[in-house]
Amino acid sequence: MTDGGLRATTDAAPETGADSDPLVEVDGLRTYYESDRLFGGDPVKAVDGVSLEIGRGETLGVVGESGCGKTTLARSILQLEDVTAGTVTFDGEDVTAFDRRERQAWRRNAQIVYQDPTSSINERMTVGEIVREPLDVHDRLDPATRRERVLELLETVGLEEEHYYRYPHQFSGGQRQRVGIARALALEPEFIVLDEPVSALDVSVQAKILNLLSDLQEEFGLTYLLIAHDLSVVRHICDRVAVMYLGKVMECGPTDALFDSPENPYTRALLSAIPEPDPTADPERITLRGTPPNPRHPPEGCVFSTRCPFRIRPDELDLGDETWERVDEFRSVVREREHATVTIVERLKSRLGFDTRFTPIGDVAAALFDDHDVPSEVNETVWNAVDRVEAGDSRGARELLDDRFGSVCEAESPPVCVAGETESRCHRHLEEYETLDLAE
Ligand code: ADP
Ligand code: MG
């Protein structure tokens, strides 16, 4: 199945070059973290096949729940991580093929601003030294002019000359983030990654920093990749948005289209999770079951299939919603079991958090199905699965349930489809499943 990512143009359309070439092109990027040697096992697939483009002067937003791979994607684009596969092209050059010297020279052009200025700033250096450091490292300007340049940068980000000799701990969060931005600007980059730049700040300060970033973009023609988990931040300053889930981009499109008419079930769920004063007042609200799966064991097929409220149900099984919900619940418990013994850390976590893993599986099945009228074939499959789990074969149990209750969603990775004004990875966009209305 197609495992490429989302791109602004289709593969077969070089003639859509109406826009100028993108500044950044990411193609099939994968970054896997190998497991701890002690435990062995599968790698963490932090970024798993991302393709996207960022136009010159554009701001591309990246959103998604914590742990979905946003920071790893950003750091991989900047070649700060060892990339497992795929390419990153910057201004037409493949930066993944650069040797160390070339990469070092290119870095000047591609900078990053982190969420927490305190973690990226050396507290023992003065503000002046912090902003000057990149100039020293890259040996830019003669040492005498560097000081002037730093003073100019401080002014650019709204700080004062007198701040030069201060220490970051004397500054407020907003001021520290201004220092981080001045430092990122020092080498006059074209591209800046902003990794949750305002998440640690008070709302009133957030607006000021975002305005500063917009002004700087205009003044210097900067291209931004803006990572945020706060969707309102993204909505205000991004031209386009990519929605990530478990290392993949699920949907990508113009900001307004994505917020006003999201096509992908995950985007819908994410948008509907924006807190409302009274959640019960919104009948459209979608509640997501469970937490995102462990990226060490992503689901086969569509990565969102285990939580998707719009998962396709197999035609041949006509069960009511109530029964389906119970079946889905049972399957998610069995799925958890499958990886329950993988590492000690996970085992500890599950002991503290999800004790369904340690309730005998037969009790779980009984609680879900005993007082509920289900077709005998469903009962039979469920209790066969229970037998397998009890015999130590959780994987076999999971596979049995997938065979019986699964659909294309669990079997195949969905291709990227043009859907409305966005591009989205979902089987629901394919012609054969189109009759099933997403809104149902
Ligand atoms: P986000 O920024 O969206 O919160 P990250 O990119 O930080 O997500 O992390 C994605 C996944 O990769 C997470 O499961 C995280 O635990 C894992 N991860 C991140 N960095 C490392 C690392 N250096 N070694 C192993 N796993 C990592
Ligand atoms: Mg992050």
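The values are calculated or read from the model by the stated rules, or taken from the named source; none is laboratory data. None of these values were measured; they are calculated from a predicted model. Cβ placement follows ideal geometry from the backbone for every residue including glycine, while neighbour counts extend to all protein chains displayed.
Screening the candidates ALA391, ALA397, ALA411 for the property of being aliphatic (A, V, I, L, M) and buried (at least 19 other Cβ atoms within 10 Å of the Cβ) yields one hit, ALA397.
Evaluating TYR33 against the criteria (1) in contact with a Leu (Cβ under 8 Å, 6 or more places away or on another chain); (2) farther than 25 Å from ARG178 by Cβ leaves one unmet condition, (1).
Report whether or not GLU93 is modelled with pLDDT of 85 or more, within 23 Å of LEU226 (Cα to Cα), away from ligand 1 (no atom under 16 Å from the Cβ) and surrounded by fewer than 16 Cβ atoms within 10 Å (Cβ to Cβ). Even if it seems obvious, please write down each step before you answer.
Working: modelled with pLDDT of 85 or more: yes; within 23 Å of LEU226 (Cα to Cα): yes; away from ligand 1 (no atom under 16 Å from the Cβ): yes; surrounded by fewer than 16 Cβ atoms within 10 Å (Cβ to Cβ): yes.
For GLU93, the condition - modelled with pLDDT of 85 or more, within 23 Å of LEU226 (Cα to Cα), away from ligand 1 (no atom under 16 Å from the Cβ) and surrounded by fewer than 16 Cβ atoms within 10 Å (Cβ to Cβ) - is met.
Pairs linking a residue in segment 56-81 that is farther than 22 Å from ARG103 by Cβ to a residue that is aromatic (Phe, Trp, Tyr), with Cβ atoms under 6 Å and 6 or more positions apart or on different chains, are THR59/TYR224; GLY64/TYR245; CYS68/TYR245. The C-beta contact set for segment 24-35 (first residue on the phi > 0 side of the Ramachandran plot, second residue outside any loop (DSSP other than H, G, I, E, B) and modelled with pLDDT of 95 or more, distance under 9 angstrom, 6+ apart or interchain) comprises GLY28/GLY49; GLY28/VAL50; GLY28/SER51; GLY28/ALA85; GLY28/GLY86; GLY28/THR87.
Please work out which residue is surrounded by the fewest Cβ atoms within 10 Å (Cβ to Cβ), limiting yourself to segment 43-69 and to residues that are outside any strand (DSSP E or B) and in contact with a strand residue (DSSP E or B) (Cβ under 7 Å, 6 or more places away or on another chain). Here the residue is PRO43.
Of all residues in segment 29-47, which are more than 8 Å from ligand 1 (Cβ to nearest atom), at pLDDT 75 or above and among the hydrophobic types (A, V, I, L, M, F, W, C)? Within segment 29-47, LEU29 is the sole residue that qualifies.
With a requirement of 3 or more residues that are in contact with an Asp or Glu (Cβ under 8 Å, 6 or more places away or on another chain) and either within 16 Å of ligand 2 (Cβ to nearest atom) or within 30 Å of LEU270 (Cα to Cα) (or both), the strands (runs of 3 or more DSSP E) lying completely within segment 138-247 that satisfy it span 223-227, 240-245. Hey, any hits in segment 271-290 for a residue that's within 16 Å of ligand 1 (Cβ to nearest atom), at pLDDT below 90 and of a type outside the set (D, E, K, R)? Among the residues of segment 271-290, at least one is within 16 Å of ligand 1 (Cβ to nearest atom), at pLDDT below 90 and of a type outside the set (D, E, K, R), which makes the answer yes.
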